[in-house]
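*Asks:* The structure under discussion is supplied below as structure tokens; questions concerning it will follow.
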Amino acid sequence: MSTPFLLLLPLIFKAILLLTVTVTQSEAYSTTTPFQGHDPEKLTHLHFYFHDVISGDKPTTIRVAEAPSTNSSVSSFGAVLIVDAPLTEGPDPRSKEVGRAQGMYASTDMKTFGFTMVFNLAFTEGEFNGSTVGLYGRNPILLKERELPIIGGTGAFRFARGYALPKTYKSVDKDAVVEYNAFIWH
Ligand SMILES: *[C@@H]1O[C@H](CO)[C@@H](O)[C@H](O)[C@H]1NC(C)=O
Ligand SMILES: *[C@@H]1O[C@H](CO)[C@@H](O)[C@H](O)[C@H]1NC(C)=O
């Protein structure tokens, strides 16, 4: 009995040492306290239309940068566009505005139209007036089914996470009306 036990002793010491270190570190690493006024157990479904207008004298979207090779690229690779576009209740741009999509997208796929989207969706109606969510992800605009992550939020959407499903409702030349269904856990 004594020989195996002696052989095991260094291992036991190491285990105790490791345990002590782990416990001390995890105590120092994080603490969780209740957050006043936040009940993170709601799933909100938002439905709205995004109006991306490049043409005409009232564009929502302006191209601010490109590479020398952008115009000869099949996917406008390298183009960067800045956006402040209305989000409306219906597909008609004159329908009630519920917020703004402010941000940018850039063509980041060499082979097909695929944009990297970096957006704040700032809501201006109802219980979400003044609240925002951060939308960030890859948008291969020619596909019928797309999905973008929602990676955070403010106001009613503090601690938000979720996803948005954009679907092109109508597109004429470079302008588009895009239907969004967003599911936000907050
Ligand atoms: C590329 O095309 C855009 C939009 O059609 C135009 O504004 C821009 O001047 C063109 N750039 C070059 C380098 O030709
Ligand atoms: C949204 O909030 C702003 C700022 O508090 C306020 O001025 C505006 O009237 C509100 N809009 C609606 C539709 O409640």
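Throughout, read-outs are computed from the coordinates displayed, never taken from laboratory work. Predicted model only: the values in this text are computed from it and were never measured. For neighbour counting, all protein chains shown are included, and Cβ atoms are generated from backbone atoms with ideal geometry for every residue, glycine included.
*Asks:* For L87, what residues show an amide H to amide H distance below 5 Å, using hydrogens built from the backbone and excluding near sequence neighbours?
*Replies:* Under 5 Å from the amide H of L87: V98, G99, R100, A101.
*Asks:* Another question about this same structure. Can you list, bin by bin at 5 Å, the percent of alpha carbon pairs in segment 37-182, starting at 0?
*Replies:* P(r) for segment 37-182, in whole percents per bin: 2, 10, 18, 24, 20, 13, 8, 4, 2, 0, 0.
*Asks:* Would you calculate the separation in nanometres between label points at S69 and N181, each defined as 7 Å from the Cα along the Cα-to-beta-carbon direction?
*Replies:* Between S69 and N181, the label points sit 3.9 nm apart.
*Asks:* Taking the alpha-carbon distance from K58 and a cut-off under 16 Å, which lysines remain once sequence neighbours fewer than 8 residues away in the same chain are dropped?
*Replies:* Candidates past the 8-residue exclusion: K174.
*Asks:* When we measure straight from the Cα of K167, which aspartates and glutamates land under 18 angstrom away, once same-chain ones fewer than 8 places off are left out?
*Replies:* Partners found: D52, E89, D92, E145, E147, D175, E179.
*Asks:* Taking Cα pairs under 8 Å and at least six residues apart, what relative contact order does segment 43-185 come out at, in percent?
*Replies:* After rounding, I find 22 percent.
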